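Following: one structure in structure tokens, then a few remarks.
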Amino acid sequence: MTFRRLWPTRSAFAHLRLVFSVFLLPVYLFAFSQVTARPLNHPWLIFFIWHFLAFPASNGYNSYFDRDEESIGLMEHPPEVDITLYYLSIFIEALAFVLGFIVSWQFACAVLLYGILSKLYSHPVTRLKKYPVISFLTVFIFQGCFIYWTTYTALAGQDLFNGWNMHFIIAGMICSCLIGASYPLTQVYQHAEDGRRGDRTLSIVLGYKGSFIFSGALFACGIVLTFLYWRNISLLPFYLFVGFALPIFLFFNYWFYQVNQNTANANYKNAMRMNFLSAGCMLGYFALLAVAAYFKLKLLF
């Protein structure tokens, strides 16, 4: 095997979809904002490992085995994949695992477990993606509460297996509900291609209308959990959350109405509008929490 065959192509870098990490950044920011111990333990390294190594590696590995020809998240016309994408995703995942030991052995193992689950999700031998409930739970848990809990304890320098309480659990479940609410809407425009591959996704099972109802219900659960999380601290962060969520609610209902009129509106462009709007609003909210925590602004807490 020649070096040229190993060197990543432009297509390989494109399929890492680094911008997609922005969609998961609110989970990190939430954990960052809730750690009371200062200084934080390796905050920049933890951020780099998740958002520039582990998540992109998962994206690349998934793209390599999906070999999508139609639109996928953040790429309306995805370039053809090649073997260098496979090697690149393996390399940066291994790098994430090794660097994780600088934070703690528990964090390194969490990064490794996330990588293993992403492979089981995508690889044709296991292909969790083709099982609607299992694939949903994999994303719901391992991109939501799992990332929050492992990031929080890593930032705080705490043992992952000690100090659990209901407040900590609810915070993780908020993240899972917000991630889970977007999950079927990222699949709603891919029914034809997923069906051709034999992937029976959650969105295919639920149908167009069911996908929106399911997403709305999960987001509502996230709002309820957010209220429960803040009610004994200060309700101002909850009211801010509702304010930031309002544009998401309005566009969600507008898009749902359009899809009810014509399912052709369940397309890539509308899905990306929904994703960017929801990611932007949630990013703004959790960034505000993180800034308030960093500068110890009592106004919010």
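The values are calculated or read from the model by the stated rules, or taken from the named source; none is laboratory data. These numbers come from a predicted model, not from an experiment. Quick reminder, even Gly has a Cβ in these numbers, built from the backbone with ideal geometry, and neighbours come from all protein chains shown.
Look through region 115-146, keep the residues that are on the phi < 0 side of the Ramachandran plot and not in a helix (DSSP H, G or I), and return whichever of them is surrounded by the fewest Cβ atoms within 10 Å (Cβ to Cβ). Can you show your working first?
First, the residues of region 115-146 that are on the phi < 0 side of the Ramachandran plot: 115-126, 128-146.
Filter once more, keeping what is not in a helix (DSSP H, G or I): 123-126, 131.
Working: 123: 15, 124: 11, 125: 7, 126: 13, 131: 17.
Residue satisfying both the conditions and the ranking: 125.
State yes or no: is residue 206 among the aliphatic types (A, V, I, L, M) and surrounded by fewer than 15 Cβ atoms within 10 Å (Cβ to Cβ)?
Against the criterion (among the aliphatic types (A, V, I, L, M) and surrounded by fewer than 15 Cβ atoms within 10 Å (Cβ to Cβ)), residue 206 does not qualify.
Any idea which of (1) buried (at least 17 other Cβ atoms within 10 Å of the Cβ); (2) within 18 Å of residue 112 (Cα to Cα); (3) touching a Leu at 6+ places or on another chain (Cβ under 9 Å) is the one residue 48 doesn't satisfy?
Result: residue 48 fails condition (1) only.
Considering (1) β-branched (Val, Ile, Thr); (2) in contact (Cβ under 8 Å) with a residue 12 or more places away in the chain; (3) more than 19 Å from residue 150 (Cβ to Cβ), say which one residue 111 fails and leave the rest.
Every listed condition holds for residue 111 apart from (3).
Right, residue 226: surrounded by 15 or more Cβ atoms within 10 Å (Cβ to Cβ), modelled with pLDDT of 95 or more and of a type outside the set (Phe, Trp, Tyr) or not? Walk me through it before giving the result.
Details: surrounded by 15 or more Cβ atoms within 10 Å (Cβ to Cβ): yes; modelled with pLDDT of 95 or more: yes; of a type outside the set (Phe, Trp, Tyr): yes.
The answer is yes for residue 226.
Kindly state which helices (runs of 4 or more DSSP H) lie completely within region 180-295 and contain at least 2 residues that are under 23 Å from residue 139 (Cβ atoms) and among the aliphatic types (A, V, I, L, M).
Details: elements: 191-197, 202-230, 236-261, 268-294.
Answer list for region 180-295: 202-230, 236-261, 268-294.
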